[in-house]
Amino acid sequence: MSALEMAFTSRVGRKVAARAGLHEPPVLRRGRTYPGGPIVLATLGASRLGADTLALLGRPYEAPVIDSGGDEVPGYGDRIGALVVDATDLNRLSDLEALRAVLRPALRGLEASGSVVILGRPPAGDWEQRAVTRALDGIDRTVGKELRRGATSNLIHVDPEAGPLELASTLEFLLHGRSAFVDGQTWTVAPAVDTPAPSERPLSGRTIVVTGAARGIGAAIARTLARDGASIVAVDVPPAGESLAAVANEIAGTALQLDITAPDAGARIAAHVAGRGEGLYGIVHNAGITRDKLLANTDAQRWASVLEVNLVAQMRINETLLTPGLPGGLIDGGRIVGVASTSGLAGNKGQANYAASKAGVAGLVAAMAPDLAARRITSNAVAPGFIETDMTARIPFVQREIFRRANSLGQGGRPIDVAETIGYLLDPASQGVTGQVVRVCGQNVVGA
Amino acid sequence: MNHTVVVVGGNRTPFAKAGGALREASNHDLMTAAIDGLVARYGLAGTRVGEVAGGAVLKHPHDFNLTREAVLSSALAPETPACDLQQACATGLEATMYLANKIALGQLTHGIAAGADSTSDAPITVSGEMQRTLHAASRARSAQARVKAFSRLRPSHLAPLAPRVEEPRTGLSMGEHQAITGTRWGITREEQDDIALASHRNLAAAWDDGFFDDLVTPFLGLAKDAILRPDTTLEALARLRPVFGGEHGTMTAGNSTALSDGAAAVLLADADWAAEQGLPALARVVDAEVAAVDHPGGADLLLAPVAATGRLLARQGLTIGDIDLIEIHEAFASTVAATLKAWEDADHCRSVGLDGPIGAIDRSRLNVTGSSLAVGHPFAATGARIVPTLAKLLHARGPGSRGLISMCAAGGQGLVAILEAV
Ligand SMILES: NC(=O)c1ccc[n+]([C@@H]2O[C@H](COP(=O)([O-])OP(=O)(O)OC[C@H]3O[C@@H](n4cnc5c(N)ncnc54)[C@H](O)[C@@H]3O)[C@@H](O)[C@H]2O)c1
């Protein structure tokens, strides 16, 4: 900790900061927990999707308070925990008024760490319909920015062919504290066959490889997936073996000391899994490095090392693990999750190599998704924003404090936030979620 | 032997010189680390292992239940029983055979053999006078009596006694004994330096290949064997001064093992049980033989493994030519050279009760990933280091490949074992 940082985090320092407008950020609701207050469902039209999905999740819901349009805002009385807006029937620009009318009272009535979830359709139809689709996105992002005290807003595009079973895991995730740091995002739920209903320990009896598991986000992923029942193969480079073993032992998993850039890394992962008489349900490509320099100063070595670890290695490993019939390879109905980064998607000064690799991850999972659909293997990515880890602790303090606060939740995320989102993507109940990139960034101001 | 016993795999800490990167670790810490890395590799956390057998050579009084205490500190279920064993430098291999025999008899389905030694944390004892005074003072009932007890102390009583590394019956260190053997067998300086160089070269190459990725887990920030000198040369070795055998001696710090810190562990299992559990099997534990030479009557303190090797091969109906890989513990390069000469020497072999010479070997089959000269030799750990190393090498060569481990130990003892790839 630098002297500046120590002064800033001292009690006096915190008071001075508060007077300067830097408030202590809210403590977010986390874990497999629903909001404390009631869930309100607003259905704009005749759709049954929101109602049926909440019923499937066993969640009771209440009718919305509707604003009449005047200066007086009708209140909710007691605070509400969440607002789910089923806007899947919303097609005309004039219909947007109905959305305003349910959002206005809710924005004032939402509890701390409450959730707004808007259900819409993927872009399709006539000009006006597509304009409406995009308008919903703008509304969602604005709601995310206006909500205070850790509350979030997200928009889900539900394919017309997808039903409550496909949507359930996503709605559960967004209502749960697991999505604490996911805010202002939009992604799609598609139709899928054989989607099971959500459950408490969805990964029970499933073997999942987590790379870069010795510390930081990777260790949190391993712990969180183990909590949800998974048997973890924790992978990290041999020099990180001591902490890797500690993580593996803590969660009764196994440790595999392996540099993922080794040409035979995929084969060694498969051999490890097969050697234990198991099939591989999922792999989380979390291992990653940064070698920051302005592009003007980036030599071939810096360029190659980042691309190799962050992108090329995982592509090679996927190819091996997807070999049909390979003992220890990915089973049908399996899962691939990549870890991108908001600074990769948005571009970031001094990180051309990193941005290339992380945007590449987003491209890769989207490209694989349709090709793997026949085997019911989904491929998705998370894109973390600023997460408090050893990696970000190396950023100079002032810059770190700015990054940390540059989002709608006014704080850095925790490794568990990324881990929970990955757990959601790995859930067998998330069969309809594929080819998606979910940002875990508290609605970072950086990037689209 | 009713049950087939297999080596599932192993784990060790990197080894370091006394006073090096592992100097703060006790025997307990080292053994716990070796076990925990093994537990992580094979997913044993929270499970009850049949039995853990292990030991250390340099023990503190508080190490009396070392292995059980290490188990309790490890990620294994606390219901895992353990016992301490010790056979000097052969401890790790003796612990392996103890468990292998129990598994073969059906008394256990699986077990962990371990060995640890910290020469950095070697016990320092006080003189007998000092010890008697301290006991008397603690029994004293008055301050006066306590003062009186201490008044008997003389300055010479205060000097601590360093750990004894010499043979109690001869007062000679092991190196001095080996120097006598080396002279008797005409072992040259060049032969010894060649063996030392090969040990470093082979170990360095194995590290470069990633051979140890699933055999070693870093400890206290140390990720690789610290004694290894990948760039050493014959010239550099030739410049070292003799440390044993007087000023014309041939044994140097380069061709003798360094005092080391480290620990190793081996997972052994009934072959059927391992298959049921989805655990890999590298090699079968075939058989072992222990031997001792006349001591102090005999001349070659460290050549007891010769008789053990001959008897073991005969019992198994094998000749040395049937053995694909040979691991001779490098206590000193001179020990390895003398052992190989003794194997070829018909008279010597007959003198230890064998029918004839064991025979010559192709050196390219010897210690192919290096041995104690380059790795280091934390006494009790070495056997538990060699067993999984050899098992992995044999497994890579394919089913049926055979390997032999020869370990010399203090007191003129030797333990030899055979593994066969499955
Ligand atoms: N921390 C953040 O704010 C943040 C933001 C966006 C994205 N990410 C991404 O999240 C992932 C984890 O980040 P973190 O902050 O926990 O980083 P970290 O540096 O703390 O951990 C990364 C782990 O990956 C391992 N690793 C590196 N190269 C490897 C290789 N070749 N083979 C095997 N393992 C290897 C490292 O040893 C380390 O244990 C990375 O992909 C990173 O780019 C992090």
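Less than 19 Å from a label point 7 Å out along the Cα-to-Cβ axis of A:Asp332: which backbone N atoms in the range A:371-390 qualify, by residue? It comes to A:371-379, nothing else.
Past the 42 angstrom mark, what percentage of all C-alpha to C-alpha distances in chain B do you count? Distances greater than 42 Å cover 14 percent of the Cα pairs.
In this calculation the C-beta distance from A:Glu97 to A:Ala51 is compared with R0 = 22 Å, giving a FRET efficiency of 0.50. Kirkwood's formula applied to the C-alpha pairs of the range A:328-414 gives a hydrodynamic radius of 14.6 angstrom. In this Cβ point-charge picture (+1 for Lys and Arg, -1 for Asp and Glu), the protein assembly as shown has a dipole of about 2580 debye about its Cα centre.
Tell me, what % of the accessible area of the range A:39-189 is carbon and sulfur with a 1.4 angstrom probe? C and S atoms contribute 50 percent here.
Compute the distance in nm between two label points, each set 7 Å from the Cα along the Cα-to-Cβ direction, one at B:Glu247 and one at A:Val73. The answer from the label model is 9.8 nm. Only DSSP H runs of four or more residues enter the estimate; each adds -39500 (n - 2.57), and after division by the residues of the protein assembly as shown the mean residue ellipticity at 222 nm equals -11500 deg cm²/dmol. For the range A:306-321, the Karplus equation 6.51 cos²θ - 1.76 cosθ + 1.60, evaluated at θ = phi - 60°, returns couplings of 5, 5, 4, 5, 7, 9, 4, 4, 6, 5, 5, 5, 4, 4, 5, 5 Hz by residue, with Gly and Pro reported as x. Here the gap between B:Leu105 and B:Asp208, fully extended at 0.36 nm per residue and compared with their Cα-Cα distance, gives a gain of 33.1 nm.
If you count the DSSP beta bridges with both ends in the protein assembly as shown, what percent of them are antiparallel, to the nearest 5? Bridges in the protein assembly as shown are about 40 percent antiparallel. Summarising the label geometry, the points placed 7 Å from Cα in the beta-carbon direction at A:Leu107 and B:Ala299 lie 10.0 nm from one another. Comparing the range A:39-189 with the 2.2 N^0.38 Å rule of thumb, its C-alpha radius of gyration ratio is 0.95 (two decimals).
Legend: distances between Cα atoms for B:Lys17/B:Lys224; A:Lys293/A:Lys358; B:Lys59/B:Lys224; B:Lys17/B:Lys102; pairs beyond 23 Å are B:Lys59/B:Lys224; B:Lys17/B:Lys102. Using only Cα atoms, tell me the angle between helix A:415-426 and the longest principal axis of chain A; keep it within 0 to 90° and round to the nearest 10. That works out to roughly 90 degrees.
Among the residues of B:210-220, the average count of other protein chain beta-carbon atoms within 10 Å of the residue beta-carbon is 5.
When Rg and the Kirkwood radius Rh are both evaluated on Cα atoms of the range A:207-440, their ratio Rg/Rh stands at 0.95. With a 10 Å cut-off between alpha carbons and a GNM built on chain A, which of A:Ser94, A:Ser341, A:Ser115 moves the most? Comparing A:Ser94, A:Ser341, A:Ser115 in the GNM, the peak value goes to A:Ser94. Report the residues of the range A:412-441 in range of a label on A:Glu161: point 7 Å along Cα→C-beta, backbone N strictly under 20 Å from it. Answer for this model: A:429-437.
Computed across the range B:284-422, the Kirkwood hydrodynamic radius from all distinct Cα-Cα pairs reaches 14.9 Å.
Positive-end ranking of A:Gly212, A:Val382, A:Val309 along the dipole of the range A:207-440, with charges on Cβ about the Cα centre, is headed by A:Val382. Kirkwood radius for the range A:316-370, taken over all pairs of different Cα atoms as the inverse mean of 1/r, rounds to 12.6 Å. Under a model in which nothing but the beta-carbon of Lys, Arg (+1) and Asp, Glu (-1) is charged, the range A:39-189 shows a dipole of about 420 debye around its Cα centre.
For chain B, modelled as a GNM whose springs connect Cα atoms under 10 angstrom apart, the maximal fluctuation among B:Phe332, B:Phe150, B:Phe211 occurs at B:Phe150. Between the C-alpha center of the range A:346-413 and that of the range A:159-218 there is a gap of 18 Å.
Each of B:Leu312, B:Ala299, B:Phe332 was scored by the projection of its Cα onto the charge dipole of the range B:251-356, and the greatest displacement toward the positive side belongs to B:Ala299; charges sit on the C-beta of Lys, Arg, Asp and Glu. Looking at the protein assembly as shown, the accessible area is 40 square angstrom per residue; that uses a 1.4 Å probe and ignores ligands, DNA and RNA.
For the protein assembly as shown, the alpha-carbon radius of gyration amounts to 1.16 times the rule-of-thumb value 2.2 N^0.38 Å expected for a compact globular protein.
Judged by the mean number of other Cβ atoms found within 10 Å, the most tightly packed of the peptides B:52-64, B:182-194 leads the ranking B:52-64, B:182-194. Just add up the charged neighbours of A:Ala340: K/R +1, D/E -1, any other residue whose Cβ is under 9 Å from the Cβ of A:Ala340. Net charge around A:Ala340: +2.
FRET efficiency for the B:Ala396 to B:Asp231 pair, using the beta carbon distance and R₀ = 35 Å, is estimated at 0.85. Highest mean packing comes first when the peptides A:306-318, A:67-79 are listed by Cβ atoms within 10 Å, giving A:306-318, A:67-79.
Normalised by 2.2 N^0.38 Å, with N the number of residues, the alpha-carbon radius of gyration of the range A:303-448 equals 1.09. Take the Cβ atoms of A:His23 and B:Thr47, set R0 to 30 Å, and the FRET efficiency comes out at 0.05. The mean count of C-beta atoms from other chains within 10 Å of the C-beta of residues in B:35-42, rounded to a whole number, is 6. Built from the Cα atoms of chain A, the convex hull projects on average onto 22.9 nm², one quarter of its surface area.
The charge dipole of chain A, taken about the Cα centre with unit charges on the Cβ atoms of Lys, Arg (+1) and Asp, Glu (-1), comes to about 1280 debye, rounded to the nearest 20. Shown here: the range B:154-270, whose C-alpha atoms stretch 51, 41, 35 Å along the first, second and third principal axes, sorted largest to smallest.
Using a simple spin-label model with pseudo-atoms 7 Å out from Cα toward Cβ, B:Ser142 and A:Phe397 lie 6.3 nm apart.
Shielding value for B:271-281 is 2, the average number of Cβ atoms from other chains within 10 Å of each residue's Cβ.
The values are calculated or read from the model by the stated rules, or taken from the named source; none is laboratory data. Not measured: the values here are computed from a predicted model. Because the Cβ atoms are built from the backbone with ideal geometry, glycine has one as well, and the counts that use them run over all protein chains shown. SASA here: full protein model, heavy atoms, side chains in, ligands and nucleic acids out. Shrake-Rupley method; radii C 1.70, N 1.55, O 1.52, S 1.80 Å.
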